[in-house]
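> What follows is a structure written as structure tokens; I'll ask about it next.
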Amino acid sequence: MEAARMRTRLRGWGGVGAMAVLCALALAFVMLLPRTQAHPAAGAAPAGRSLVTGSPARADDCEEPSAQNRTPPPSGADGPTIDAIKARKGDRRKLIVGIDQNSYRWGYRNPGTEGAELEGFDIDLVRRIAKDILGSPDDVQFKAIPTSQRIPAIQDGTVDMVVRTMTITCDRLRDVAFSAPYFKTGQQLLVPDASGIKGYDRTLAGKKVCTAAGSTAYGKLKADLERKALPATTDFSATVPNQLDCLVRLQLGEADAVVTDGALAASQAAQDPTVKVLGKPFTTEYYGVAMKKDATDLVRRVNRVLVDYRADGWQASYDKWLSATLGEDARSSRPPAPKYLRES
């Protein structure tokens, strides 16, 4: 009977347990994938122009509700960061981007495709940025980055940017720069069907809650426990490097609940029918593209891409990847119009 129950818990999209094993093996090496699938012929990249300089966002006077507005205005101009990317020679002339490869419908390896190609909402955005800067959506070198290593990978130059369901926060703005937001979400609970947990409330007393290290979910739990908004016996001490690992812990009975972005929770519930997303979001968060703090020209260029992408491309990508899990009405997921940082 115990074996049967375990098989039931591990059923779902493609076998999530099997997927986790595949992802763990894949994370043992850095992906070098300049071409993963055919794309339409790309048009010419916009001509470079002199960079209009401005001050990067400062976090010392940042307020969390408006953190997503701490970004310079868009520009199609080149600058030192973009010039360095374009100067790469031969096969190295790629935009190097940190992504996830195990977030279903965001950035994941689809086992149903030849070569288990990378697909998802974030991957579509990466290709749009690469086309604008280098001329082709295939001019990308993808690197799988764990949740906890997103900021270090940017700071040490491992990647040019991270596009990995990364929330814009004041704390993170001390370490990296962000683009304008490209998606709106909020923290939610993911629990087994028979968990007995009613919501983000006193029913978490004595429960083991899983989060990814370095995530906004961990920060939210820590802050709420410190201000006694949650029971003192809520245990979130065991963190994981990658958010999908929390789903595996939930399936194995090693966690009672997961706190994560609702957008990710919905995709994980679609992978495993024995778990569910509980309640409404209890935070408001915005995903942005993260880059080095001094890469102002690259931030401006990405913001220029996002202006066009929100008008033509964002909705098509949402319909393809997220409508099945988040609903056909995308209005609650669209970020507000950005309010850019004032020039100094």
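The values are calculated or read from the model by the stated rules, or taken from the named source; none is laboratory data. Fair warning: this is a prediction, and the values are worked out from it, not measured in the lab. Here the Cβ positions follow ideal geometry from the backbone for every residue, glycine too, while neighbour counts run over all protein chains shown. Accessible surface areas use protein heavy atoms only, side chains included; no ligands, DNA or RNA. Shrake-Rupley method; radii C 1.70, N 1.55, O 1.52, S 1.80 Å.
> Placing +1 at every Lys and Arg Cβ and -1 at every Asp and Glu Cβ, with all other atoms neutral, what dipole size does the stretch 187-278 have around its Cα centre, in debye to the nearest 20?
On the way: 10 positive and 10 negative charges, 60 e Å.
Result for the stretch 187-278 is approximately 280 debye, rounded to the nearest 20.
> Give me the accessible area per residue for the stretch 187-278, probe 1.4 Å, as a whole number in Å². Please list the in-between numbers first.
Working: 3550 Å² over 92 residues.
Value returned for the stretch 187-278: 39 Å² of accessible area per residue.
> Over the stretch 103-235, what percent of the accessible surface lies on carbon and sulfur atoms, probe 1.4 Å? Let's see the in-between values first.
Working: 2050 of 4630 Å².
Carbon and sulfur: 44 percent of the exposed surface of the stretch 103-235.
> In addition: Per residue of the stretch 192-202, what does 6.51 cos²θ - 1.76 cosθ + 1.60 with θ = phi - 60° give for ³J(HN,Hα)? Whole Hz please, x for Gly and Pro, Karplus curve as stated.
Once θ is set to phi - 60°, the couplings for the stretch 192-202 become x, 4, 10, 6, x, 7, 9, x, 7, 7, 5 Hz.
> Please give every one of the aspartates and glutamates within straight-line cross-link reach of residue 228, meaning a C-alpha to C-alpha distance under 19 Å, and leave out same-chain neighbours fewer than 8 residues apart.
In chain and number order, the partners are 201.
> Just reorder 96, 133 by solvent-accessible area, largest first, 1.4 Å probe, all chains present.
Details: 96 30, 133 0 Å².
Greatest to least solvent exposure: 96, 133.
> Out of the GluC sites (Glu not before Pro) in the stretch 245-344, which ones are loop residues according to DSSP with at most 14 other C-beta atoms within 10 Å? Please report the intermediate quantities before stating the final value.
Working: sites: 254, 285, 328, 343; in loops: 254, 328, 343.
Answer by residue number: 254, 328, 343.
> Still on this structure, please answer the following. For the cross-link pairs 184/280; 280/320; 94/143, which exceed 18 Å when the distance is taken from alpha carbon to alpha carbon?
Values: 184/280 14 Å; 280/320 24 Å; 94/143 12 Å.
Among 184/280; 280/320; 94/143, the Cα-Cα distance tops 18 Å for 280/320.
> Now for a separate question. Looking at the calculated P(r) for the stretch 69-127, what percent of the C-alpha pair distances fall above 14 Å? Don't skip to the answer; put the middle values down first.
Values: 1171 of 1711 pairs.
So the pairs more than 14 Å apart make up 68 percent of the total in the stretch 69-127.
> What figure in square angstrom, to the nearest 10, would you give for the accessible area of residue 297 with a 1.4 Å probe?
0
> Let me ask something else about it. Just the accessible area for residue 170, please: 1.4 Å probe, Å², rounded to the nearest 10?
For residue 170, solvent-accessible area is about 10 Å².
> Show me the three semi-axes of the equivalent ellipsoid for the stretch 187-278, from the C-alpha gyration tensor (sqrt of 5 times each eigenvalue), largest first, rounded to whole Å.
Numbers: eigenvalues 70, 41, 26 Å².
Its equivalent ellipsoid spans semi-axes of 19, 14, 11 Å.
> So, one more: Using a 1.4 Å probe and ignoring any ligands, DNA or RNA, find the accessible area of residue 259 and quote it in Å² to the nearest 10.
Result for residue 259: roughly 0 Å² accessible.
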